[in-house]
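J.: Structure in structure tokens, see below.
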């Protein structure tokens, strides 16, 4: 299987790296928002996309185009993301291409699932929360990024 | 060395100012602060803007204590490297964050007793003095990866 693993730079990325044992035995391509983060996954293909947030629609558009272009080129079987905006975009585009997708909501969301996670619910194959009390019918809890 | 980090998104003057002011009481040790465009003029600390991941890890390793906003990246890195961490959450009422998310995160991890938390500047100064001159050790130790349950669930998802 070919997995595309997406996370924006910072805390989301650190959480994504902690999922790595689950990718073992598969081809993995990483995607993030800062070139300097490539060093944390040396030996793997690493793609950079512009960061985006809801405040800046133009930047958001360039992120959408960039993520779309990469997904078309990489042709992953599975997309896994810990957020934020580029991950959500990956989930939506993944749905468009019929790719299996999983959203792991950040462990920082302790009271409610993130806004992006709420949107991802409509598109992702699987949604994880990292807190047992936030699990619902469609949002599952299976441990968290800590151990 | 004390390493201060406030993430890369927005300034956090309250934390930077409180730490800069308390530095002389700590005996002016080496303090390295990643400040992300804070407007406060730092007098007693060495400042940096963006720090690449490799350099970030080196600074965490070298530090005696980490002081930070309630960002998960820093909290996880500190616990993984078994470093004592003191966290002050960014608050919505001061425009430090777009929601009250950091306060909720800080409270949750405080209750779990994973991290030291200061809810205002005064508490930050008190706690850093206590930690710096007292016995400071990591409250919780993390392994390198997610919990086995999450890894297994994702493996199943990938293979099904």
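The values are calculated or read from the model by the stated rules, or taken from the named source; none is laboratory data. It should be emphasised that the depicted structure is a prediction, and the values quoted were computed from it without experimental measurement. Glycine also receives a Cβ, built like all others from the backbone with ideal geometry; neighbour counts cover every protein chain displayed.
J.: Out of B:91, B:154, B:124, I need the residue that is away from chain A (no Cβ under 12 Å) and buried (at least 20 other Cβ atoms within 10 Å of the Cβ). Which one?
T.: Every option except B:124 fails the conditions.
J.: If a residue must be more than 9 Å from chain B (Cβ to nearest Cβ) and buried (at least 16 other Cβ atoms within 10 Å of the Cβ), how many such residues does segment A:103-120 contain?
T.: 6
J.: Anything in segment A:23-42 that is closer than 17 Å to residue A:67 by Cβ and assigned to a loop (DSSP other than H, G, I, E, B)? List them, or say none.
T.: Selection gives A:33, A:34.
J.: Right, something else. Can you tell me how many residues in segment B:63-88 are out of contact with any helix residue (DSSP H, G or I) (no Cβ under 7 Å at 6 or more places or on another chain), within 12 Å of chain A (Cβ to nearest Cβ) and buried (at least 22 other Cβ atoms within 10 Å of the Cβ)?
T.: Final tally of qualifying residues: 2.
J.: Answer yes or no as to whether residue A:58 is part of a strand (DSSP E or B), under 29 Å from residue B:69 (Cβ atoms) and more than 11 Å from every other protein chain (Cβ to nearest Cβ).
T.: So residue A:58 fails the test.
J.: So, in segment A:121-140, of the ones that are more than 9 Å from chain B (Cβ to nearest Cβ) and in a loop (DSSP other than H, G, I, E, B), which residue ends up nearest to residue B:146 (Cα to Cα)?
T.: It comes out as A:135.
J.: So, one more: Answer yes or no as to whether residue A:100 is within 14 Å of residue A:4 (Cα to Cα) and within 14 Å of chain B (Cβ to nearest Cβ).
T.: Answer is yes for this residue.
J.: Sticking with this one: For segment B:104-114, does any single residue satisfy the condition of being over 26 Å from residue B:8 (Cβ atoms), within 13 Å of another protein chain (Cβ to nearest Cβ) and surrounded by fewer than 17 Cβ atoms within 10 Å (Cβ to Cβ)?
T.: Yes, segment B:104-114 has at least one match.
J.: Any idea how many residues of segment A:1-22 are facing chain B (nearest Cβ under 10 Å) and either on the phi > 0 side of the Ramachandran plot or in a loop (DSSP other than H, G, I, E, B) (or both)?
T.: Total satisfying the criteria: 5.
J.: Still on this structure, I have one more. One residue is enough: does segment B:41-62 have a residue meeting the conditions under 23 Å from residue A:7 (Cβ atoms), touching a residue at least 60 places away in the same chain (Cβ under 8 Å) and touching a strand residue (DSSP E or B) at 6+ places or on another chain (Cβ under 7 Å)?
T.: Checked segment B:41-62: no residue is under 23 Å from residue A:7 (Cβ atoms), touching a residue at least 60 places away in the same chain (Cβ under 8 Å) and touching a strand residue (DSSP E or B) at 6+ places or on another chain (Cβ under 7 Å).
J.: If residue A:143 satisfies every condition in (1) crowded, with 20+ Cβ neighbours inside 10 Å; (2) within 9 Å of chain B (Cβ to nearest Cβ); (3) in a loop (DSSP other than H, G, I, E, B) but one, which is the exception?
T.: Single failed check for residue A:143: (1).
J.: For the subset of segment B:35-62 comprising residues that are closer than 20 Å to residue B:129 by Cα and surrounded by 14 or more Cβ atoms within 10 Å (Cβ to Cβ), which member is nearest to the other protein chains (Cβ to nearest Cβ)?
T.: So the residue we want is B:60.
J.: Follow-up. Looking at (1) at pLDDT below 95; (2) within 12 Å of chain A (Cβ to nearest Cβ); (3) within 21 Å of residue B:63 (Cα to Cα), find the lone condition where residue B:137 falls short.
T.: (2)
J.: Given (1) surrounded by fewer than 21 Cβ atoms within 10 Å (Cβ to Cβ); (2) touching a residue at least 60 places away in the same chain (Cβ under 8 Å), where does residue A:47 come up short, assuming only one miss?
T.: (2)
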